[in-house]
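Following: one structure in structure tokens, then a few remarks.
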Amino acid sequence: SKMVVDRSGVVNDEYDYALQAVDFAGLFSEVSNVISARRYDNGVRPEVRNLRGTYDPVKKTVTLTWEYDKLDEPFTYLVYRSDADKLTSYSHIKDQNAHSFIDQVLPNANTVRYSVKILAESGAESKLAEPVSVQLR
């Protein structure tokens with residue numbers, strides 16, 4: 001059995017497909033039943049990679065840096081922070097070309113954890129990046 005993959009369609013548009021076989025003598029089969037299919041968007045986008053955090057004891061700031069490949073759609077970054085257990089949404093970065101964030105208002109804690117995810121205009125999003133812990137001392 002053969003498999004055909006069509007990547008040309010637009011997400012969420014419906015397309016009709018039918019098959020017709022041709023043998024070595026050039027004879028054609030009847031056209032198969034028509035089926036309808038829709039390209040499905042699972043709402044998941046790739047994760048932010050190589051998240052790093054650096055504490056500057058002079059300025060008392062944390063600088064986060066990360067890598068992210070361009071998407072074919074508008075998106076923003078969400079920075080998450082925790083000085084306890086649970087990471088919560090902390091800052092919204094609307095520049096999709098940004099690959100860094102400076103936290104200038106640090107909690108009174110020894111360690112702060114951060115993560116970043118992307119949120120696409122369509123509502124799709126990535127999972128949180130692998131969290132990074134930064135020592136504040």
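Scanning the stretch 34-55 for residues that are surrounded by 11 or more Cβ atoms within 10 Å (Cβ to Cβ) and over 13 Å from the mean Cα position of the chain (by Cα) returns Ala37, Arg38, Arg39, Asn50, Leu51, Arg52, Gly53, Thr54, Tyr55. Scan the stretch 101-133 for residues that are open to solvent by 30 Å² or more (accessible area, probe 1.4 Å), among the basic types (Lys, Arg) and under 30 Å from Tyr40 (Cα atoms) and the total you get is 1. Among the residues of the stretch 60-99, those that are over 18 Å from Leu119 (Cβ atoms) and of a type outside the set (A, V, I, L, M) comprise Lys60, Thr61, Thr63, Thr65, Ser82, Asp83, Asp85, Lys86.
Are any residues in the stretch 22-33 surrounded by fewer than 10 Cβ atoms within 10 Å (Cβ to Cβ) and not in a strand (DSSP E or B), and if so, which ones? Walk me through how you get there before you give the answer.
Of the stretch 22-33, the ones surrounded by fewer than 10 Cβ atoms within 10 Å (Cβ to Cβ) are 22-28, 30, 33.
Listed by number, the residues that qualify are Asp23, Phe24, Ala25, Gly26, Leu27, Glu30, Asn33.
Got a sec? Which of Asp16, Asp69, Asp85 is under 22 Å from the mean Cα position of the chain (by Cα), charged (D, E, K, R) and either loosely packed, with under 11 Cβ neighbours inside 10 Å or in a loop (DSSP other than H, G, I, E, B) (or both)? One residue alone meets the criteria, Asp69.
The values are calculated or read from the model by the stated rules, or taken from the named source; none is laboratory data. Keep in mind that this is a model prediction, so the values were computed, not measured. Cβ: placed from backbone, ideal geometry, glycine included. Neighbour counts: every protein chain shown. Note: areas computed on protein heavy atoms with side chains; ligands, DNA, RNA excluded. Shrake-Rupley method; radii C 1.70, N 1.55, O 1.52, S 1.80 Å.
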